[in-house]
Structures are given as C-alpha cells and as structure tokens.
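K.L.:
Below are the structure tokens for one structure; questions will follow.
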Amino acid sequence: AKCQCKVVARERTNCGYPGISAAECRKIGCCFNASVPSVPWCYSPKQKKVKKVCPSDPYTRINCGHPRIKPWECTKKGCCFRAHPAGVPWCFYHRVMEE
C-alpha cells in the first residue's frame with residue numbers, strides 16, 4: 001500500500017543493496033524512492049497498524065471457550081464474551097482488523 005511507504009527520509013531502514021533497481025526493490029516487498037540523496041532509496045515499509053475487535057455478527061464467532069464458561073474465564077483467555085443470542089458461542093475470538 002502507498003501509505004506504508006510514507007516514511008520520513010531519515011527514518012528509512014535499508015531494504016536492498018547498493019544500486020538495486022526500483023523494480024527489484026518492489027519485487028522483494030520494499031519501497032523505492034530516489035528523490036532524497038544520501039538516504040536509502042530502497043527501504044522497509046511501515047508496519048500495518050492492526051487492532052483487535054469483537055466481531056459484531058454472532059454467526060461468524062469462532063468458539064474460544066466451553067459450554068457455561070464464566071465471563072471472567074473467557075476474558076482471562078483474552079477472548080470476547082457476549083451472552084446472546086442462543087445457539088452461538090458466547091466466548092469467542094477477536095478478529096484482527098487493519099486500521
């Protein structure tokens with residue numbers, strides 16, 4: 001993604017080798033920008049920001065507990081707890097979403 005390559009020149013981490021082409025740099029999953037001299041032109045992209053969310057659709061829940069698990073047992077396992085509706089897991093895993 002373009003936004004992952006918006007890295008301040010002085011904070012670039014070298015990702016290639018001297019003289020690497022733009023195409024070769026991108027092929028190995030790095031960013032290329034030759035507009036600033038004396039800094040790496042082929043550099044590592046910023047990490048994607050992710051957040052954990054409890055899925056809103058109860059029918060996509062992936063079970064994280066056991067029948068009659070207590071809410072505190074579920075959250076201690078690092079999972080989501082919602083005691084509704086019937087017939088779906090009440091203790092379930094988070095989803096990871098890109099911000």
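K.L.:
Using the Kirkwood formula on the Cα atoms of the chain, what hydrodynamic radius do you get, in angstrom to one decimal?
P.N.:
Numbers: mean 1/r = 0.0598 Å⁻¹.
It is 16.7 Å.
K.L.:
Using only helices, what value at 222 nm comes out for the chain when you add -39,500 (n - 2.57) per DSSP H run of length 4 or more and divide by the total residues, to the nearest 500 deg cm²/dmol?
P.N.:
Numbers: 2 runs with 12 residues, N = 99.
Computed ellipticity for the chain at 222 nm equals -2500 deg cm²/dmol.
K.L.:
In whole angstrom, and with the biggest value first, how far do the Cα coordinates of the stretch 50-98 range along each principal axis?
P.N.:
Principal axes ranked by extent give 32, 22, 12 Å for the Cα atoms.
K.L.:
Any idea how far the Cα center of the stretch 42-99 sits from the one of the stretch 1-40, in Å?
P.N.:
36 Å
K.L.:
Pairing rule first: another cysteine's C-beta must sit under 4.7 Å. Under that rule, which cysteines of the chain stay single?
P.N.:
Unpaired cysteines in the chain: 3.
K.L.:
If the viscosity is 1.567 mPa s and the temperature 4 °C, what translational diffusion coefficient in µm²/s does Stokes-Einstein give for the stretch 3-43 when Rh comes from Kirkwood over Cα pairs?
P.N.:
Numbers: Rh = 10.1 Å.
Roughly 129 µm²/s, to the nearest whole number.
K.L.:
While we're looking at this one, here's another question. Can you list the lysines whose alpha carbon is less than 29 Å from that of residue 6, not counting same-chain residues fewer than 8 positions off?
P.N.:
Hits, sequence-local ones excluded: 27, 46, 48, 49, 51, 52.
Rule-based calculations on the coordinates, nothing more; no lab input. Remember, predicted model here, so these are calculated numbers, not experimental data. Because the Cβ atoms are built from the backbone with ideal geometry, glycine has one as well, and the counts that use them run over all protein chains shown.
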